[in-house]
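Following: one structure in structure tokens, then a few remarks.
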Amino acid sequence: MAKQLIDPESAVHPLRLTMSDDDWERLDRIFTHKSEEPMTNDEIEAYMDWLYDEIAVRKQTHYGITTLQ
């Protein structure tokens with residue numbers, strides 16, 4: 001089986017690429033301090049995407065694989 005490299009820029013939620021540091025700080029406040037600030041569904045999905053990547057980086061013990069079926 002041949003190895004295939006995936007472009008990390010295409011493997012993330014598109015909103016993550018356009019959010020500012022202020023956006024991320026606001027979402028951190030919302031999720032960690034239960035702030036009542038407004039947020040969109042796309043922002044929630046982008047935050048969840050980022051959080052998944054953070055956990056994977058810390059817990060992953062081997063290179064990722066892509067399985068085609």
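At a glance:
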read-out: Total charge dipole magnitude, the chain, about the Cα centre, Cβ charges on Lys, Arg, Asp, Glu only, Debye to nearest 20; value: 500
read-out: Spin-label pair Thr32/Ala11, simplified geometry with 7 Å Cα→Cβ offset, distance in nm; value: 2.6
read-out: Theoretical ellipticity at 222 nm over the chain - DSSP helices of four or more residues, -39500 (n - 2.57) apiece, nearest 500; value: -15500 deg cm²/dmol
read-out: Leading residue at positive end of dipole, the stretch 13-59 (Cβ point charges), from Thr18, Ile30, Tyr52; value: Tyr52
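Rule-based calculations on the coordinates, nothing more; no lab input. Keep in mind that what you see is a predicted model, and the values were worked out from it rather than measured. We place every Cβ from the backbone using ideal geometry, glycine too, and count neighbours over all the protein chains shown.
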